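The values are calculated or read from the model by the stated rules, or taken from the named source; none is laboratory data. Bear in mind the structure is a predicted one, so any value in this text is a computation, not a measurement. For neighbour counting, all protein chains shown are included, and Cβ atoms are generated from backbone atoms with ideal geometry for every residue, glycine included.
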Amino acid sequence: MENKRILEINNLAISFEQYEYGTRKTKLPVIRDLNVSVGGGEIVAVVGASGSGKSLLAHAILGILPYNAEQKGTILYNREILDGKKQAQLRGRKIVLVPQSVNCLDPLMKIGAQICKNSKKQAVVERMKQMLSCYGLREDVRKMYPFELSGGMARRVLITTADMEQADFVIADEPTPGLDRELACRTMEYFKGMANRGAGVLLITHDLELAITTADRIVVLYAGTAIEETTAEAFQNENTLFHPYTKALWRAMPQHGFAVCEGTQPFVTRIPKGCVFKQRCNMCQMNCSKEIPYIQTDTGYVRCIGYNRKCERNDNE
Ligand SMILES: Nc1ncnc2c1ncn2[C@@H]1O[C@H](COP(=O)(O)OP(=O)(O)OP(=O)(O)O)[C@@H](O)[C@H]1O
Ligand code: NI
């Protein structure tokens, strides 16, 4: 794996301005203290419950947040600040999105024109033909409209469209909903192929199992912040995971007994002070209400003061 960082996000915060009761302006802090980085040739999976901020993270990288969003922190692309102007230059070319929904295909436009972005240049059309075959689609798919495709084909069209430019950085937002296991795994092979040719891939998913089998590293999001970042290998064993929420996700996996974690992720207006998981954590202490740093571990980072306590215990043994 190459070490060159393609994307580096430091202390990202996103909030939305909203009007309460008609006139009072409030700020909804939907993402806070978020750090993520992706190297060339690397697949980083971002996992987390619905509403944890996964899609907003993708939209911040692409520069397509809604107008009422306020963004703080830095995003570096190849070590340079990724500002609005740069995002507009790179979006759809060097940085591409495989969107969450197949509804992102234009229903009134033929597939071929969508993949080629309306270009009729011979080289572009030839490349499209090559890419269609790469992704197991027949050439005549380009003459079809989106409604004529099966769900699986439409997904592959989205990936073909994204891969036309051989981008350096690919963001896949939930690329496998509604696909059976075999198709989902095949889709993951496409992303591995992109990483193998040197692209950085940010894979956003609910599906922890798929993330573990596909990604190099996993970032766990909870209530708008990263609570743990670790290697996919660390998920082989509960003891190599550090955050109680990551452990709870591990225990909820079918092969580990489907154990339910009581409670729900706090709503964005009710994010507690200190640890965002403390209301559901059976190891919660007074100190968990203080600010929790993102602590470096052997395998990545964790946002839990219990990690320090564990290290201290081990040192004293
Ligand atoms: N335009 C907006 N205005 C206000 N709040 C928003 C807006 N867009 C998203 N949010 C809030 O931000 C939070 C994160 O949303 P986001 O779409 O990133 O979640 P997600 O992790 O991608 O969820 P899912 O898995 O369901 O796709 C949610 O609480 C959502 O309600
Ligand atoms: Ni989403």
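Residues in the stretch 258-291 that are assigned to a loop (DSSP other than H, G, I, E, B), among the polar types (S, T, N, Q) and away from ligand 2 (no atom under 16 Å from the Cβ): THR264, ASN282, GLN285. Screening SER50, SER55, SER15 for residues that are among the small types (Gly, Ala, Ser) and more than 15 Å from ligand 2 (Cβ to nearest atom) leaves exactly one candidate, SER15.
The residue that is surrounded by the fewest Cβ atoms within 10 Å (Cβ to Cβ), counting only those in the stretch 295-317 that are within 16 Å of THR225 (Cβ to Cβ) and either among the hydrophobic types (A, V, I, L, M, F, W, C) or modelled with pLDDT of 95 or more (or both), is ILE295. Can you pull out every residue in the stretch 281-307 that is within 27 Å of ASN10 (Cα to Cα) and in contact (Cβ under 8 Å) with a residue 24 or more places away in the chain? Within the stretch 281-307, CYS281, TYR294, THR297, THR299, GLY300, TYR301, VAL302, ARG303, CYS304, ILE305, GLY306, TYR307 qualify.
The single residue among LYS110, LYS86, LYS120 that is modelled with pLDDT of 95 or more and farther than 21 Å from GLU8 by Cα turns out to be LYS110.
Residues in the stretch 38-82 that are acidic (Asp, Glu) and either farther than 25 Å from HIS206 by Cβ or within 12 Å of the chain's Cα centre (by Cα) (or both): GLU70, GLU80. Inside the stretch 175-192, residues that are among the charged types (D, E, K, R) and either in contact with a helix residue (DSSP H, G or I) (Cβ under 8 Å, 6 or more places away or on another chain) or crowded, with 19+ Cβ neighbours inside 10 Å (or both) make up a count of 1.
Scanning the stretch 71-82 finds no residues that are more than 24 Å from LYS117 (Cα to Cα), within 16 Å of ligand 2 (Cβ to nearest atom) and aliphatic (A, V, I, L, M). Return the residues of the stretch 225-248 that are crowded, with 23+ Cβ neighbours inside 10 Å, of a type in the set (Ser, Thr, Tyr) and closer than 11 Å to GLY300 by Cβ; say none if nothing qualifies. Matches in the stretch 225-248: THR246 only.
Could you check the stretch 83-106 and list, in sequence order, the residues that are outside any strand (DSSP E or B) and within 16 Å of ligand 1 (Cβ to nearest atom)?
Within the stretch 83-106, PRO99, GLN100, SER101, VAL102, ASN103, CYS104 meet the criteria.
If you go through the stretch 97-119 and pick out every residue that is of a type in the set (A, V, I, L, M, F, W, C) and exposed (fewer than 12 other Cβ atoms within 10 Å of the Cβ), you end up with 1. ARG79 meets the conditions (1) of a type in the set (D, E, K, R); (2) at pLDDT 90 or above; (3) crowded, with 20+ Cβ neighbours inside 10 Å in every case but one. The failed one is (3). Tell me which residues, restricted to the stretch 142-165, are touching a helix residue (DSSP H, G or I) at 6+ places or on another chain (Cβ under 9 Å) and in a loop (DSSP other than H, G, I, E, B). Once the filter is applied, which keeps residues that are touching a helix residue (DSSP H, G or I) at 6+ places or on another chain (Cβ under 9 Å) and in a loop (DSSP other than H, G, I, E, B), the stretch 142-165 yields MET144, TYR145, LEU149, MET164.
Before we move on, is GLY198 part of a loop (DSSP other than H, G, I, E, B), of a type outside the set (A, V, I, L, M, F, W, C) and either at negative phi or touching a Ser or Thr at 6+ places or on another chain (Cβ under 7 Å) (or both)?
no
Being under 21 Å from THR246 (Cα atoms), in contact with a helix residue (DSSP H, G or I) (Cβ under 6 Å, 6 or more places away or on another chain) and within 16 Å of ligand 2 (Cβ to nearest atom) is a description that does not apply to VAL36.
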